[in-house]
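Worksheet: the structure to be examined is printed underneath.
The values are calculated or read from the model by the stated rules, or taken from the named source; none is laboratory data. From a predicted model like this one, the values you see are computed outputs, not experimental measurements. Positions of Cβ are generated from backbone atoms using ideal geometry, with glycine treated the same way; all protein chains shown enter the neighbour counts.
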Amino acid sequence: MTVYFIGAGPGAADLITVRGQRLLQRCPVCLYAGSIMPKDLLALCPSDAKVVDTGPLTLEQIITELADADAAGLDVARLHSGDPSLYSAVAEQCRQLDTLQIEYEIVPGVPAFAAAAAALKRELTVPGVAQTVTLTRVSTLSTPMPPGEELATLAKSAGTLVLHLAAAQIDAIVPQLTAAGYRPETPTAVVAFASWPQQVVLRGTLADIAGQMHDANVTKTAVIIVGDVLAAEGFTDSYLYSVARRQAH
């Protein structure tokens with residue numbers, strides 16, 4: 001028996017990996033992470049599968065479901081939105097499974113920030129503009145940021161900044177970023193429900209993005225991207241496909 005932590009992707013059912021899809025289609029038990037899981041994806045489960053929404057469950061209840069499946073010798077597809085390596089609460093489940101000596105594997109998925117970049121038709125690393133992408137979030141009442149990872153500190157590195165789980169705090173975020181060195185006219189974009197039918201794409205600057213979000217009522221399930229790459233023009237072509245590289249070889 002194995003628990004497969006599967007990255008379900010950002011929303012569109014066909015953005016799950018082939019490996020993830022095949023596991024989902026054969027596992028007799030599926031636990032999925034709440035209301036943001038598309039129904040088209042859950043429809044891939046076997047018709048007789050036990051399908052459990054973990055949204056209302058505690059960690060202990062989730063582990064009990066996994067342990068019960070293990071005792072019955074049943075493989076589990078444990079679906080998480082996006083990619084399990086980012087803000088998925090997988091680590092705490094794996095720690096419990098290690099203690100119980102229950103086997104598990106992690107299957108990567110398409111992260112939300114990648115789907116957002118695709119919706120914007122932008123590369124987040126452009127030669128001569130930005131070669132660093134910082135993925136982060138902001139403090140909440142339940143989970144403060146660790147020391148040294150405050151937004152004002154991270155923003156000083158410039159580059160492309162990607163904020164998850166932060167849409168509801170946009171009014172507080174903007175002044176923090178401008179105080180840390182980002183210009184008010186820095187290109188900024190927000191993609192809510194990336195790859196879903198109800199996807200919302202907002203483009204602007206740090207100075208006006210909060211107003212756009214309020215007007216569009218974007219308060220959750222959104223990725224905020226800040227950086228000059230969003231409006232990059234006239235940049236140098238990469239060396240990878242250059243004539244100079246071909247001549248050198």
T188 being polar (S, T, N, Q), in contact with a Leu (Cβ under 6 Å, 6 or more places away or on another chain) and touching a residue at least 24 places away in the same chain (Cβ under 8 Å): yes
All positions within the stretch 88-146 that are surrounded by fewer than 16 Cβ atoms within 10 Å (Cβ to Cβ), under 17 Å from A222 (Cα atoms) and of a type in the set (K, R): K121
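Being among the small types (G, A, S) and free of Cβ contacts under 8 Å to residues at least 60 places away in the same chain narrows it down to one of G148, G73, so name that one.
Details: G73 fails: free of Cβ contacts under 8 Å to residues at least 60 places away in the same chain.
Exactly one residue qualifies, and that residue is G148.
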Residues of the stretch 42-54 that turn out to be closer than 20 Å to A12 by Cβ and either of a type in the set (G, A, S) or part of a loop (DSSP other than H, G, I, E, B) (or both), as a count: 3
Residue check, A179 touching a residue at least 12 places away in the same chain (Cβ under 8 Å), within 27 Å of S88 (Cβ to Cβ) and out of contact with any Leu (no Cβ under 7 Å at 6 or more places or on another chain): no
Residue in the stretch 155-173 that is at pLDDT 95 or above, over 30 Å from P38 (Cβ atoms), surrounded by fewer than 14 Cβ atoms within 10 Å (Cβ to Cβ) and of a type in the set (D, E, K, R) present: yes
Residue ID - modelled with the highest pLDDT, chosen from residues in the stretch 190-237 that are among the hydroxyl-bearing types (S, T, Y), at negative phi and outside any strand (DSSP E or B): T219
Residue list for the stretch 176-189, restricted to those being under 24 Å from the mean Cα position of the chain (by Cα) and not in a strand (DSSP E or B): Q176, L177, Y182, T186
Residues located in the stretch 66-79, provided they are touching a strand residue (DSSP E or B) at 6+ places or on another chain (Cβ under 6 Å) and either surrounded by 19 or more Cβ atoms within 10 Å (Cβ to Cβ) or in a helix (DSSP H, G or I) (or both): L66, A69, V76, A77, R78, L79
Residues being under 30 Å from L59 (Cβ atoms) and in a loop (DSSP other than H, G, I, E, B) - total across the stretch 92-131: 7
Any hit, the stretch 52-64, residues being among the hydroxyl-bearing types (S, T, Y) and touching a residue at least 12 places away in the same chain (Cβ under 8 Å): yes
Members of the stretch 12-37 that are touching a strand residue (DSSP E or B) at 6+ places or on another chain (Cβ under 9 Å), outside any helix (DSSP H, G or I) and in contact (Cβ under 8 Å) with a residue 60 or more places away in the chain: I16, T17
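Restricted to the stretch 90-104, and to residues that are free of Cβ contacts under 8 Å to residues at least 40 places away in the same chain and among the charged types (D, E, K, R), which residue is nearest to A71 (Cα to Cα)? Break it down into steps so the answer makes sense when it comes.
Residues of the stretch 90-104 that are free of Cβ contacts under 8 Å to residues at least 40 places away in the same chain, as a first pass: 91-92, 95-96, 98-101.
Next, from what is left, pick out any that are among the charged types (D, E, K, R): 92, 95, 98.
Details: E92: 21, R95: 18, D98: 15 Å.
Checking each candidate, the answer is D98.
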